[in-house]
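Novice: The structure follows.
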Amino acid sequence: MSNSKYLLDYTLRLADDALILGQRLGEWCGHGPILEHDIALTNTALDHMGRTRSLYQYAAEQFNNMPAEDKTGVFTSIALQNLINTSASLDEDNLAYLRDGWDFKNVLLLEQPNNDWAYTIARSFFYDAFNYFFFAALEKSADESLAAIAEKSLKEATYHLRWSSEWVVRLGDGTEESHTRMQSAVNELWMYTGELFIENETDNALAQQGIGVDLASIKPMWMERITSVFEEANINTPQNSWMQKGGREGRHSEHLGYILTDLQFLQRTYPGMQW
Amino acid sequence: MTVHSFQEHFDSLIDREISIEPKDWMPDDYRKTLIRQISQHAHSEIVGMLPEGNWITRAPSLRRKAVLLAKVQDEAGHGLYLYSAAETLGISRDEMYDQLHSGKAKYSSIFNYPTLTWADMGAIGWLVDGAAIMNQVPLCRASYGPYARAMVRVCKEESFHQRQGFEIMLTLAKGTEIQKKMAQDAFNRWWWPSLMMFGPPDAESPNTAQSVRWRIKRLTNDELRQKFVDVTVEQAKVLGLDMPDKDLKWNEERGHYDFGAIDWEEFKNVVKGNGPCNKQRLETRKQAWEEGKWVRDAAMAHAEKRNARKKEAAKAA
Amino acid sequence: MPAKQQKRTRIVYIIMAQQEITKKSEWPLWEVFIRSKAGLDHKHAGSLHAADAQMAIENARDVYTRRMEGVSIWVVESKNIHASDPSEANSLYDPANDKIYRHPTFYNLPDEVKYM
């Protein structure tokens, strides 16, 4: 892969993570356990959506500036290829709405269903803790645009992590029922956490240039945060080490297809229109 | 003071347009009417999240998705402000929820209509929020302080709601032929229910006089409805959409638009529970509340445990 | 306190706490005060429900500062607010009406004296 393709892959993966979780959290809006936290969770969803847009805008800019011969074969969907063949420039919505699942690079964790409040909290907690350390590192990226997005995102992630950590503790150390639910959510989602730290070709190439984050270096900090919150919450840190993977390479769980069906249906049914 | 002089004092505050505050003496009927009105309004905000909420995952652009999320979230906020205002009258939010879930309390019947296309997000913002604002602006001067203050906050936030709805309609109306058709179809479906939002005609609204006297209603149903028709006709012209009312015409003498007969049979039926989505909306709310119980209990249990530990630590020290 | 006894005390507290919960499950009501910008007073913004003070502050952040309304938040559990009785308003506040000499406009100064 060329350097520009690494950066594009990296930007898109971060955007996809943000979009897919934003979409999942958006499903809660109007259905939360209490008004105050319906509102709180939507604030978080809005933060993720804001980051989604900045990142897709940046990805589109990168793509549009690529030489024409590099553009073929980057995306698989016919809708995007047709658009590229007319030499139109892509925008944030084209990237979100016209790619198929195998071009999405989000981790599997984030596409897992909301199930109940405990699942939703556990999923967010794993990701928020990751984001907190990730953006703290990305803030120092040699790529100015990523560094700027990271700076803003770090503030948001700091609050997200605080909020989700507190819920982990509340549920873990709440009632018997909440404890059971929290523990089982943690157990079931645990195998999706390993993927957050898998380093592929893109990571290695960009880490070397000081653009990407050295994931191995943030893993211990993540682990320490997770276990200390679990300890306070009386939650056992799962010991199983078998981890699911594939999202970063575009190989997803069944859930993503349904997310995309909902997300993209209008753009697909009425192509090329302004909304 | 005797009850009589309490009443006199209360009346004189009302007459002098001085706010009534939670600890002030107030007639029972005033309190009851307020609780009913404010909680009904709060319920409408909360149930009103559902018809739009189900388009959040399907919004056609990232910008629209963010706006819709923020808007539906605002409705939760408005519900919260209003529940809080009602709570100052001596009823708990849980009690109000019970009334909603048991069907004892009503909410605006407009939310019992389905949202079928994306244009419905435009029509709701433009028409439903437009009608709501018309209703709410005068209530910023309602006699009950906490209610008026909640309405000020609501109105301030609501102003973007109608605009984003109108913007959706405008984009569709100026878009392709099929998008314009989508906009017109939504307009046709939401127009009449929007007119019903102002409630039955004045002649059949026996409580209006008392409410106006108490300044918890500042204009009558028909006055508000007329105002709404007059401004909406002009806005529809900007959109280039047809008014879904063949009897609509300007009345020079009255200085207002005359409009066709409203199907009050339909209104009564939807209020009674026979609307297209009554059951679905209420079930969804009940389900969210019931499924949230263990979460609310857990938070309470945790807070109590922490308190107990703190006390224990203090004792040990 | 010996460890065993400490543990027992804790259990007793937990049981007491749980009994309390079954009696009343609604989260307590809190009043929210917000400082809209540095240098201004905190002003009453409204109320909300929260299980504890920490959560009340966060809920206030999420509910009442979505449009950049604040830079600082106070929360007070509503039951801890003590208010004056409106029926005593006459005796509490009317006596201040005739103390007009407390206001600067009561005093006539020659025009030459500026800035006082």
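Novice: Could you please state how large a percent of the accessible area of the stretch B:90-193 is carbon and sulfur, counting protein chains only and using a 1.4 Å probe?
Specialist: 57 percent
Novice: Okay, moving on. Give the lysines whose C-alpha is closer than 17 Å to that of residue B:106, dropping any in the same chain fewer than 8 places away, or say none.
Specialist: Here the lysines satisfying the reach criterion relative to residue B:106 are B:32, B:268, B:272, B:279, B:286.
Novice: Work out which residues of the stretch A:175-200 lose at minimum 10 square angstrom of accessible surface when the other protein chains are put back, relative to the chain isolated, with a 1.4 angstrom probe, and list them by number.
Specialist: Listed in order, they are A:175, A:177, A:178, A:181.
Novice: Taking only protein heavy atoms into account and a 1.4 Å probe, give the accessible area per residue of the stretch A:181-275 in Å².
Specialist: 53 Å²
Novice: Which helices, taking whole DSSP H runs in chain A, have alpha carbons extending 15 angstrom or more along the helix axis plus mean Kyte-Doolittle at least 0.5?
Specialist: Long hydrophobic helices here: A:117-138.
Novice: Between chains A and C, what is the buried accessible area summed over both chains (1.4 Å probe, protein heavy atoms, nearest 100 Å²)?
Specialist: Summed over both sides, the interface buries about 1200 Å².
Novice: Once you've got the GNM for chain A with C-alpha springs shorter than 10 Å, pick whichever of A:172, A:210, A:250 has the biggest mean-square fluctuation.
Specialist: Judging by the Gaussian network model, the answer is A:210.
Novice: Using Cα-Cα distances under 8 Å and only pairs 6 or more residues apart, what relative contact order does the stretch A:3-269 have, in percent?
Specialist: Relative contact order comes out at 24 percent.
Novice: GNM, chain B, Cα, under 10 Å: largest mean-square fluctuation among B:173, B:209, B:66?
Specialist: Taking springs between Cα atoms under 10 Å, the residue moving most is B:66.
Novice: On to the next question. May I ask for the accessible area buried between chains B and A, both sides summed, probe 1.4 Å, to the nearest 100 Å²?
Specialist: 4000 Å²
Novice: How large is the charge dipole for the stretch B:66-148, taken about the Cα centre, if only the Cβ atoms of Lys, Arg (+1) and Asp, Glu (-1) carry charge, to the nearest 20 debye?
Specialist: Rounded to the nearest 20 debye, it is 180 debye.
Novice: Within the stretch B:1-83, list the GluC sites (Glu not before Pro) lying in a DSSP loop whose Cβ has at most 14 other Cβ atoms in a 10 Å radius.
Specialist: Counting only loop positions with at most 14 other Cβ atoms within 10 Å, the GluC sites (Glu not before Pro) in the stretch B:1-83 are B:17.
Novice: Let me ask something else. Rounded to the nearest 100 Å², what is the buried accessible area between B and C, both sides summed, probe 1.4 Å?
Specialist: Approximately 2600 Å² gets buried when B meets C.
Novice: For the protein assembly as shown, what is the mean residue ellipticity at 222 nm derived from helices alone (per DSSP H run of n ≥ 4: -39500 (n - 2.57); sum divided by total residues; nearest 500 deg cm²/dmol)?
Specialist: -19500 deg cm²/dmol
Novice: Mind checking which of A:125, A:185, A:213 is farthest towards the positive end of the stretch A:3-269's charge dipole, using Cβ charges of +1 (Lys, Arg) and -1 (Asp, Glu) about the Cα centre?
Specialist: A:213
Novice: Which percent of the accessible heavy-atom area of the stretch A:122-275 goes to carbon and sulfur, probe 1.4 angstrom?
Specialist: The C+S portion of the solvent-accessible surface of the stretch A:122-275 is 50 percent.
Novice: Just want the answer: with Cβ charges of +1 for Lys and Arg and -1 for Asp and Glu, which residue in B:35, B:209, B:135 is farthest toward the dipole's positive end in chain B?
Specialist: B:35
Novice: Heavy-atom accessible surface, probe 1.4 Å, ligands and DNA/RNA ignored: which residues of the stretch A:37-68 lose at least 50 Å² versus the isolated chain?
Specialist: Listed by number, the residues meeting the 50 Å² cut-off are A:39, A:43, A:46, A:49, A:53.
Novice: Starting from the Cα of residue B:310, draw a straight line to each of the lysines and keep only those under 29 Å, dropping any in the same chain fewer than 8 residues away.
Specialist: Correct list for residue B:310: B:293, C:4, C:7, C:23, C:24, C:79.
Novice: Return one whole number: the accessible area per residue of chain B in Å², for a 1.4 Å probe.
Specialist: Per residue, chain B has an accessible area of 42 Å².
Novice: Need one value for A:257-265: mean number of C-beta atoms belonging to other chains within 10 Å of its residues' C-beta atoms.
Specialist: So the per-residue partner count for this stretch is 2.
Novice: Viscosity 1.306 mPa s, temperature 10 °C: give me the Stokes-Einstein translational D for the protein assembly as shown in µm²/s, with Rh taken as the Kirkwood radius over C-alpha pairs.
Specialist: 56 µm²/s
Novice: Using a Gaussian network model of chain A with C-alpha springs under 10 Å, which one of A:232, A:36, A:61 is most mobile by mean-square fluctuation?
Specialist: Ranking A:232, A:36, A:61 by mean-square fluctuation puts A:36 first.
Novice: If you only keep lysine pairs separated by 8 or more in sequence, or across chains, how many in the stretch A:3-269 come under 26 Å at the Cα atoms?
Specialist: Taking the stretch A:3-269 as the scope, the lysine pair count is 18.
Novice: Lys/Arg Cβ at +1, Asp/Glu Cβ at -1, dipole of the stretch B:217-317 taken about the Cα centre: which of B:292, B:280, B:228 is farthest positive-ward?
Specialist: Sorting the options by dipole projection puts first B:292.
The values are calculated or read from the model by the stated rules, or taken from the named source; none is laboratory data. Owing to the predicted nature of the structure, the values given are computational and were not obtained by experimental measurement. All Cβ positions, even for glycine, are placed from backbone atoms using ideal geometry, and neighbour counts span all protein chains on display. Surface areas here come from the heavy atoms of the whole protein model, side chains and all, with no ligands, DNA or RNA. Shrake-Rupley method; radii C 1.70, N 1.55, O 1.52, S 1.80 Å.
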